[in-house]
Amino acid sequence: MIIRRLNPKDAKLYRAIRLEALQTAPEAFGSSYDEEKQYPLELYERRFQEEYSATFGAFLEEQLCGVVTLVREQRNKLKHRANIYGVYVSPQTRGRGIAKKLMLEAIRKAEDMGGVEQIHLSVVTSNEAAGKLYRSLGFETYGVQKKALKINDSYYDEELMCYPIHGDGSIGR
């Protein structure tokens, strides 16, 4: 398995796995398949060139099978924070530690950005496997947003989590 930062040439592969994610686990993402299928490929190409964000991909036999995006806040009062978005691993490749390796790469990137003190993410409370993974990496729950997502007539709560960055390069608490 290879984990690397995605670049504009990966936009088509990323778009395919992103749309798969939105169809496979719609309750796990704030965006919807219907919204995102309209996005032009150039949008992803531009995103992969931004200096304040990084999307990492996991490749098995040259197939993109998992992704995670880290975005550093840009406002002066929030620059000490980064956010994790869009964590997804294709169902056929789950159970191999791919999500953990992607998350560790995103954490390392946040540490390398300099000045980032916290990483935030949210996870739908019914996704027990993801919540367990994030807690094992040192993320701590600081709240629950009730009815954070609404899909048709169903509501989903999100667990809000934060990871403290230590200046010594250690991972977790």
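The values are calculated or read from the model by the stated rules, or taken from the named source; none is laboratory data. A quick note: this is a predicted structure, and the numbers were derived from the prediction, not measured. Cβ: placed from backbone, ideal geometry, glycine included. Neighbour counts: every protein chain shown. For the accessible areas, the whole protein counts, side chains as well, though only heavy atoms, and no ligand, DNA or RNA atoms are used. Shrake-Rupley method; radii C 1.70, N 1.55, O 1.52, S 1.80 Å.
Residue count for segment 138-156 under the criterion of being surrounded by 15 or more Cβ atoms within 10 Å (Cβ to Cβ) and either more than 14 Å from the chain's Cα centre (by Cα) or of a type in the set (S, T, Y) (or both): the result is 4. When restricted to residues that are among the hydrophobic types (A, V, I, L, M, F, W, C) and either in contact with a Gly (Cβ under 6 Å, 6 or more places away or on another chain) or closer than 22 Å to A110 by Cβ (or both), segment 18-61 contains 8.
Restricted to segment 71-123, and to residues there that are touching a residue at least 12 places away in the same chain (Cβ under 8 Å) and more than 29 Å from Y33 (Cα to Cα), the residue that is least open to solvent (accessible area, probe 1.4 Å) is V116. Screening A25, A58, A16 for residues that are touching a residue at least 12 places away in the same chain (Cβ under 8 Å) and under 16 Å from M103 (Cβ atoms) leaves exactly one candidate, A58. Taking the conditions (1) touching a Lys or Arg at 6+ places or on another chain (Cβ under 7 Å); (2) open to solvent by less than 20 Å² (accessible area, probe 1.4 Å); (3) more than 28 Å from H166 (Cα to Cα) in turn, L41 satisfies each one other than (2). Only one of A129, A148 is of a type outside the set (D, E, K, R) and outside any strand (DSSP E or B); which? So the residue among A129, A148 that is of a type outside the set (D, E, K, R) and outside any strand (DSSP E or B) is A129.
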